[in-house]
Structures are given as C-alpha cells and as structure tokens.
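Input: a single structure, listed below in structure tokens.
Derivation of every value follows stated rules applied to the coordinates shown; laboratory data play no part. Source: prediction; values computed, not measured. A quick note on method: Cβ atoms are made from the backbone with ideal geometry, for glycine too, and the neighbour counts reach across all protein chains shown.
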Amino acid sequence: MTARLIKGTEIREEILAELRAETEELKAKYGRVPGLVTILIGENPASVSYVTLKIKTAQSLGYKEIQDNRDPDISEAELLDLIDRYNKDDSINGILVQLPLPKHIDEAKVINAIDPDKDVDGFHPVNIGRLMLGGDEVKFPPCTPAAIQEMIIRSGVETSGAEVVVVGRSNIVGKPIANMLLQKGAGANATVTIVHTGTKDLASHCLRADILIVAAGVPGLVKPEWIKPGACVIDVGVNRIGEKVSSKTGKTIAVLSGDVDFEPACERAGWITPVPGGVGPMTITMLMKNTMKSFKSSLGIK
Ligand code: GUN
C-alpha cells in the first residue's frame with residue numbers, strides 16, 4: 001500500500017480562501033473586520049519568524065493586524081497592563097502573546113491575564129475547561145489540535161468508533177487532541193488512548209490505532225511495523241535533524257524530520273501527513289479561524 005498524503009499546504013489554502021471570503025462578506029455587511037494583535041517580547045529568531053508569518057497571514061485575509069513588539073526588559077507589570085488595554089479594545093478580537101517569554105516574566109500570569117474570549121491560542125485555563133466540556137462550550141480549540149482534527153475531517157477519515165492512539169501528553173497537543181476526539185459529535189466520537197514515556201509497550205498500543213497521532217518530539221520514534229495497515233498517521237513532530245542549502249534561495253535552511261519514519265511508514269499507512277508540509281502549515285490557519293470565530297461572536301452571529 002502507498003499511503004495517501006494529507007497535505008497541510010493544500011488544506012490551508014482551502015480554509016484561507018473560506019476565511020478571506022467571509023472577511024469580505026462581513027466587512028460589507030458590518031463595516032468591520034477581525035482584529036488580531038501579536039505581542040512579541042524580544043527577538044528570539046524562531047519567535048520572530050512565527051510572528052511574522054502570523055502577521056502576513058492575517059494581512060492576506062484582510063484582518064486588522066497590530067504588531068506590538070516590545071523590548072526584552074519590559075516588566076511583567078507593563079506587559080499585564082498592555083494586555084489589559086487590548087482586552088478593553090473593541091477592535092481587537094484576538095490577543096496572541098508569543099511564547100516563550102523572558103525568564104523574569106511569569107508565563108502563567110500572562111496567559112491568565114488575557115480575556116478568555118480573546119484567547120485565540122486557546123491556552124487560558126477557562127478555554128481548556130471549555131474544551132473538556134465539549135460541544136457548544138468550546139470557544140477556542142488550541143491551534144495544533146484544531147489543525148489535526150480539521151485535517152482528519154477534510155481527508156474523509158472516519159473518527160466515530162475509531163481507535164485513536166495519541167503518542168505524547170503535552171498540554172498543547174496530546175491532552176487537548178485526545179479530549180477533542182473523544183467528545184460526542186462530528187469529527188470525534190472516537191475511543192482514545194494516550195501513550196507516553198511511562199507507557200510499557202508503545203508498539204502494541206500503536207498497532208491498535210485506526211488513527212495514530214504522534215506528538216512526542218523524538219525523530220523516528222514510531223517504527224513502520226507499529227502502524228496498523230491502512231491506518232491514518234498524523235505526525236506532529238518537527239525535529240531539526242540537520243541543515244542544507246536551499247536550491248531556491250541559496251540560504252542555509254533546517255532539514256526537518258517528523259516523529260515517524262516516513263518513507264517505510266508510507267508503505268503501511270492508508271493516509272499520512274508529511275513533515276514538512278503536514279500539520280505545520282495548518283496551525284496558523286487555525287489561529288485565523290479562531291480569530292474569525294471571536295470576531296463573529298463579538299458581532300453576535302455564529
Ligand atoms: N510559541 C510557539 N508556538 C506558539 C503558539 O502556538 N502560540 C504562542 N502564543 N506562542 C507560541
């Protein structure tokens with residue numbers, strides 16, 4: 001068997017086109033567009049590059065975008081004041097504070113300071129609680145798990161009654177995606193197992209999975225023989241395993257690998273996400289979707 005590729009780059013374009021059309025329609029009707037602020041503290045190169053992509057994507061959709069960059073010596077109190085200002089600004093529907101923060105700032109305090117109804121990252125404890133409750137309670141699913149669920153749904157893979165195994169129990173991927181897929185309703189209703197570093201026999205659990213979601217951050221952790229023939233494999237790992245010179249730009253770029261041994265896995269899986277080009281390109285798209293959801297909620301529409 002050769003697995004069908006679930007291409008994040010293609011699904012992203014479909015969703016962005018939907019959001020672009022919706023932005024135009026709502027602008028014509030209400031004279032307003034979704035507003036997103038990105039708060040970046042310091043110049044961590046990875047953070048700068050993520051935030052730049054978020055800003056460019058928001059702009060390409062016609063959103064109002066505020067780029068609020070601050071010096072790394074900003075005090076915690078100043079940052080909390082800044083967040084409070086955006087909490088009260090009606091033109092802003094989404095507040096994103098890029099993580100990690102400098103060591104002198106308490107990350108939990110900052111996340112807690114964001115209005116849960118503008119927390120488009122879905123990191124606030126209120127939104128994590130809403131996610132656990134499921135159904136209409138869910139406001140902002142965190143972006144990576146939302147991307148995974150969207151990719152499964154848009155590929156036509158059946159989740160209802162499926163055995164899902166999630167490898168990894170992080171707060172931003174493993175725990176939320178497990179919760180989302182076990183809820184009642186479309187794109188969920190699965191039987192979910194989370195396996196982790198304390199699990200005795202990873203292979204036997206993985207082999208049961210109709211849908212195998214791997215978010216461990218360990219290159220090549222999942223061996224091809226651990227994949228049930230025909231399974232859907234979602235590889236969330238983005239591991240830098242080297243560098244190469246880009247043939248397009250001539251610049252040195254990272255060589256990325258997932259948590260699954262990709263080539264041989266393609267011979268067993270029914271569907272698989274590549275790395276790069278799989279889950280990665282979808283996460284910012286889901287941030288834009290959450291921002292649209294927040295905007296519509298501020299307009300009192302669904
Ligand atoms: N840093 C790395 N990923 C993320 C993300 O999804 N959101 C925020 N706020 N910071 C990050």
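Numbers for the structure displayed
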item: Label-point separation, SER297 to ASP89 (7 Å along Cα→Cβ), nm; result: 1.9
item: With Cα atoms, 0 to 90° folded angle of helix 76-87 axis to the chain main axis; result: 80
item: 26 Å Cα-Cα threshold exceeded, pairs from LYS54/LYS109; LYS7/LYS54; LYS88/LYS184; result: LYS88/LYS184
item: Cleavage-rule hits (trypsin sites (Lys or Arg not before Pro)) in segment 228-272: DSSP loop, at most 11 neighbouring Cβ within 10 angstrom; result: LYS248, LYS251
item: The chain - mean residue ellipticity at 222 nm from DSSP helices (-39,500 (n - 2.57) per run, n ≥ 4, rounded to 500); result: -12500 deg cm²/dmol
item: In segment 156-202, trypsin sites (Lys or Arg not before Pro) in a DSSP loop with at most 12 other beta-carbon atoms within 10 Å; result: LYS184, LYS200
item: Per-residue Cβ neighbour rank within 10 angstrom, fewest leading, VAL110, VAL120; result: VAL110, VAL120
item: GNM top mover of PRO141, PRO125, PRO116 - the chain, alpha-carbon springs below 10 Å; result: PRO125
item: Cα-derived Rg over Rh, computed across the chain with Rh taken as Kirkwood radius; result: 0.97
item: Separation between Cα centres of segment 1-20 and segment 231-270, rounded to whole Å; result: 17
item: Fluctuation leader among THR283, THR159, THR199 - the chain, Gaussian network, Cα springs under 10 angstrom; result: THR199
item: Cα gyration tensor shape for segment 10-50, rounded if a/c is under 1.5, else prolate or oblate; result: oblate
